[in-house]
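Notes follow once the structure below has been shown.
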Amino acid sequence: MAERQQRETIPIRYKTTRPILPLTPDRKVIETYVNDTTTIQLRRFEPTDLEHVHRLRTQEEVMVSTSAGICDANHSVTQTWMDRFLPPNDASTFDLMLWAKQDDEPWEHIGVLGCHKFEPVPHIGYMLRTEWWGKTIATKALQAFLGTWWTLKRRQVEVDLRGVEDEHGLHLMRLEWDDSKTHLNPSVDMQAVPEILLAEIDERNIGSIKVVERCGFKYRARETVVEEQGSFVLLDYTATNPTAQFAGKSNDKAARFCLLSERVIIAGLESLESPF
Ligand SMILES: CC(C)(COP(=O)(O)OP(=O)(O)OC[C@H]1O[C@@H](n2cnc3c(N)ncnc32)[C@H](O)[C@@H]1OP(=O)(O)O)[C@@H](O)C(=O)NCCC(=O)NCCS
């Protein structure tokens, strides 16, 4: 019975979208206000940012909550991490440097925030220097990021779950599928689902959980990760592309889909002009 249920509920292939990157090479920013005195900007990574990033990635309180778990041992380790976000790798990541300015003080690098991984589904991540914690900066920065993220131009992709051997990857792709509002028909192997953005958070990281919940992410699942040093629980929170419509309607200029009998096909997809 369990096997039968599995066959009926696990789709074989689905269509969704992913942002088209990289953007034009201008170093432009997302800017928002935290309060009357503090402004924050999200800027692209530049090769000259190494020292700033190393300073951030050698704060123990910050790094203990990251997947690395430890401080970068030297600049070379930081450089390897940073390379993931510099050209040409900015075609498959969208991570940004976070800067802050208080009153007339100079701009200060305070963290990073963005999409550090696209596959199997896009992942959001962020880290701030400890001096800047507890001032709602991560919440405001993530809200501003999402405003840009969901308006990036997108392309259609086809995802095939057959042959995915990585259990974790399969689990994450199922999260994307489950966000579908479409009617599941086991005889139809290709349906369209809205793209998601995933936050994987250690259940002990209350601050980060508050940040995603305040930005509209919904709790979806929990996974126990077993490592040599012990096990911990990762919570999966997701946000769903708010511009995707699956009822054959268009949503302003954002996304257009059409519904053909029981089969949903992405007929056309337009995105607002990129702010970059
Ligand atoms: C997670 C992180 C980005 C939060 O940044 P931040 O700017 O302090 O976040 P915000 O101020 O927007 O919101 C955090 C909220 O959680 C609360 N919080 C933080 N730690 C908490 C804890 N241990 N218990 C209860 N609440 C906590 C804060 O007080 C704040 O709530 P409040 O506004 O009601 O006071 C920052 O702590 C950080 O960089 N941590 C290290 C890296 C990391 O954990 N990254 C995320 C990995 S998933």
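Bear in mind that the values in this text are calculations on the coordinates, not laboratory data. Because the structure is predicted, anything quoted here is derived from the model rather than measured. Please note: Cβ atoms are built from the backbone with ideal geometry, for glycine as well, and neighbour counts cover all protein chains shown.
Filter segment 114-133 down to residues that are near the ligand (Cβ under 8 Å from one of its atoms) and in contact (Cβ under 8 Å) with a residue 40 or more places away in the chain and give me whichever is nearest to residue 194 (Cα to Cα).
Restricting to residues being near the ligand (Cβ under 8 Å from one of its atoms) and in contact (Cβ under 8 Å) with a residue 40 or more places away in the chain, the top hit is 125.
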State which residue is surrounded by the most Cβ atoms within 10 Å (Cβ to Cβ) when the search covers only segment 69-103 and only residues that are farther than 24 Å from residue 149 by Cβ and within 16 Å of the ligand (Cβ to nearest atom). 78
Please count how many residues of segment 134-158 are away from the ligand (no atom under 16 Å from the Cβ) and surrounded by 17 or more Cβ atoms within 10 Å (Cβ to Cβ). 6
Which residue out of 41, 59 is within 16 Å of the ligand (Cβ to nearest atom) and surrounded by fewer than 17 Cβ atoms within 10 Å (Cβ to Cβ)? 59
